[in-house]
Amino acid sequence: MNMRLFLSPPHMSGKEQQYIAEVFQSNYIAPLGAFVNRFEESIKTYTGTSNALALSSATAGLHLALRVLGVGAGDYVLASSFTFIGSVNAIVYQNAHPIFVDSDESWNISPELLKVAIQKAPKKPKALIITHLYGQVCKLDEIVALCKEEGIWLIEDAAESLGASYRDRQSGTFGDMAVYSFNGNKILTTSGGGMLVSENEAWMAKARFLSTQAKEDTLHYEHKEIGYNYRLSNVLAAIGVAQMEVLDERVKRRREIFALYKKILGENEEIAFMPELENSRGNRWLTTLTFAKTNPKKIIHALEESNIESRPLWKPMHLQPLFAEALCVQDGTSQGLFEQGICLPSGSSMSGEDVVRVCEMIQKELV
């Protein structure tokens, strides 16, 4: 059988073990240490943000962002519906209520429906969490302006979009706070981890305090409020430092893989790829597309029989049983994408021959 092609496997730089060895030599195995600091600095340098906090996950970062911004029980938080559940679970952690907003032709959150959602909210929403889906940025000009006009905090879920940009600015630098993910399938992976960023030093200091069990500045362990064990380990940060050194190469290769898929499959009238907004540059974390008539489950099954991993697009949050009672402003766009769409293998270690192999299997099923 052919070698298995995974959706988005880790792709190491070659320096990870060297840096991990340095961690072991220092014996700073537990959270915090020199490589945590280096990892935070590398994110700040790359993205141009002023403050960065290395965490155990992007979800932890979203939770801290909501907490720091004062979102609590009974509040309402707007959010992209077409996303992974990690984007919105933190809303529930804070005993707040999500209001889901559907997508537009960009696949990302619709600014027009967002306006409707704000009007329909039982009370003024405190925050908006936007997801830069599959490494493609939202319509940031309109969304940032709307949030400023309405006095709503903007949190960017840039978990999938590290290395993507809008008007030559990195994703994650437009909102009040933002998160990146380093989960095992991301364009940069530490096996598990995340980063919270913001220009506001006071918020970030509070988030840092809360992320280490909210320990007061005393010799003994003194606690006046609830905190969390959310910091990233020094071992994993060493992997992140090595990965950051090749991030631009990884983005370049993912975009090349997307371009090859589009070259081979793009002339088929049944296939439509996720678009890229004008003035933006996605990282093409995953190559995603929709079929006009063919059931994507048929394609997924055929690819699996050839040892090729693929998956449906995200099932929208407003269709999840967990959020059956949640408010939602939708027009069927994300549901249609979920029913018609597929994610293809997109790892930066893929060869051109690998892409051709996937395309040939898809073309067979479309005949």
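The values are calculated or read from the model by the stated rules, or taken from the named source; none is laboratory data. The model shown is predicted, which means the values in this text are computed figures rather than measured ones. Neighbour counts are summed over all protein chains in view; Cβ atoms, including those assigned to glycine, are modelled from backbone coordinates with ideal geometry.
Within segment 336-360, work out how many residues are touching a residue at least 60 places away in the same chain (Cβ under 8 Å) and farther than 17 Å from Ser87 by Cβ. I'd like the intermediate steps shown before the answer.
First, the residues of segment 336-360 that are touching a residue at least 60 places away in the same chain (Cβ under 8 Å): 337-338, 343-350, 352, 354-359.
With farther than 17 Å from Ser87 by Cβ added as a condition, the list becomes 344-350, 352, 354-359.
Matching residues across segment 336-360 total 14.
Conditions (1) without any contact (Cβ under 8 Å) to a residue 12 or more places away in the chain; (2) crowded, with 21+ Cβ neighbours inside 10 Å; (3) of a type outside the set (A, V, I, L, M, F, W, C), marked per residue:
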position	(1), (2), (3)
Met3	no, no, no
Phe6	no, no, no
Ser13	no, no, yes
Ala21	yes, no, no
Ser50	no, no, yes
Ala60	no, yes, no
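Out of (1) surrounded by fewer than 22 Cβ atoms within 10 Å (Cβ to Cβ); (2) under 30 Å from Gln119 (Cβ atoms); (3) among the aromatic types (Phe, Trp, Tyr), the odd one out for Phe209 is which?
Among (1) surrounded by fewer than 22 Cβ atoms within 10 Å (Cβ to Cβ); (2) under 30 Å from Gln119 (Cβ atoms); (3) among the aromatic types (Phe, Trp, Tyr), Phe209 violates only (2).
Out of (1) touching a residue at least 24 places away in the same chain (Cβ under 8 Å); (2) among the basic types (Lys, Arg); (3) in contact with a Gly (Cβ under 8 Å, 6 or more places away or on another chain), what's the single condition that is false for Lys215?
(1)
Okay, residues lined up against (1) closer than 30 Å to Glu16 by Cα; (2) at pLDDT below 95; (3) not assigned by TED's automatic domain parsing to the domain that holds Phe39:
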site	(1), (2), (3)
Ala178	yes, no, no
Leu196	yes, no, no
Leu210	yes, no, no
Ala214	no, yes, no
His220	no, no, no
Gly227	no, no, no
Arg231	yes, no, no
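Can you tell me how many residues in segment 32-55 are of a type in the set (Gly, Ala, Ser) and in contact with a helix residue (DSSP H, G or I) (Cβ under 6 Å, 6 or more places away or on another chain)?
Taking segment 32-55 and keeping what is of a type in the set (Gly, Ala, Ser), we get 33-34, 42, 48, 50, 52, 54.
Still in the list and also in contact with a helix residue (DSSP H, G or I) (Cβ under 6 Å, 6 or more places away or on another chain): 33, 42, 52, 54.
Count: 4.
Hey, which of the helices (runs of 4 or more DSSP H) in segment 286-367, taking only ones fully inside, have at least 3 residues that are more than 24 Å from the chain's Cα centre (by Cα)?
Per the criteria, 296-305, 352-366.
Is segment 80-93 home to any residue that is in contact with a Cys (Cβ under 8 Å, 6 or more places away or on another chain), surrounded by fewer than 17 Cβ atoms within 10 Å (Cβ to Cβ) and not assigned by TED's automatic domain parsing to the domain that holds Gln335?
No.
State whether one or more residues within segment 162-178 are surrounded by 19 or more Cβ atoms within 10 Å (Cβ to Cβ) and touching a Pro at 6+ places or on another chain (Cβ under 6 Å).
Looking for residues that are surrounded by 19 or more Cβ atoms within 10 Å (Cβ to Cβ) and touching a Pro at 6+ places or on another chain (Cβ under 6 Å), one finds none in segment 162-178, hence no.
Being surrounded by fewer than 20 Cβ atoms within 10 Å (Cβ to Cβ) and either of a type outside the set (Lys, Arg) or under 13 Å from Val251 (Cβ atoms) (or both) is the filter here, so list the residues in segment 282-295 that pass it. If you could, list the steps in order and put the result at the bottom.
Quick first cut of segment 282-295, residues surrounded by fewer than 20 Cβ atoms within 10 Å (Cβ to Cβ) only: 292-295.
Result: Ala292, Thr294, Asn295.
Of the residues in segment 274-310, how many are under 27 Å from Tyr166 (Cα atoms) and in contact (Cβ under 8 Å) with a residue 12 or more places away in the chain?
At the first step, the residues of segment 274-310 found to be under 27 Å from Tyr166 (Cα atoms) are 274-290.
This time we only want the ones that are in contact (Cβ under 8 Å) with a residue 12 or more places away in the chain, so: 274-277, 279-290.
Final tally of qualifying residues: 16.
What's the number of the only condition in (1) among the β-branched types (Val, Ile, Thr); (2) without any contact (Cβ under 8 Å) to a residue 24 or more places away in the chain; (3) touching an Asp or Glu at 6+ places or on another chain (Cβ under 9 Å) that Ile129 fails to meet?
(2)
What residue, among those in segment 241-281 that are assigned to a loop (DSSP other than H, G, I, E, B) and under 18 Å from the mean Cα position of the chain (by Cα), is surrounded by the most Cβ atoms within 10 Å (Cβ to Cβ)? Lay out the reasoning, then the answer.
Residues of segment 241-281 assigned to a loop (DSSP other than H, G, I, E, B): 245-246, 266-270, 274-279.
In the following step, the residues that additionally are under 18 Å from the mean Cα position of the chain (by Cα) were identified as 274-277.
Numbers: Met274: 23, Pro275: 13, Glu276: 17, Leu277: 17.
Result: Met274.
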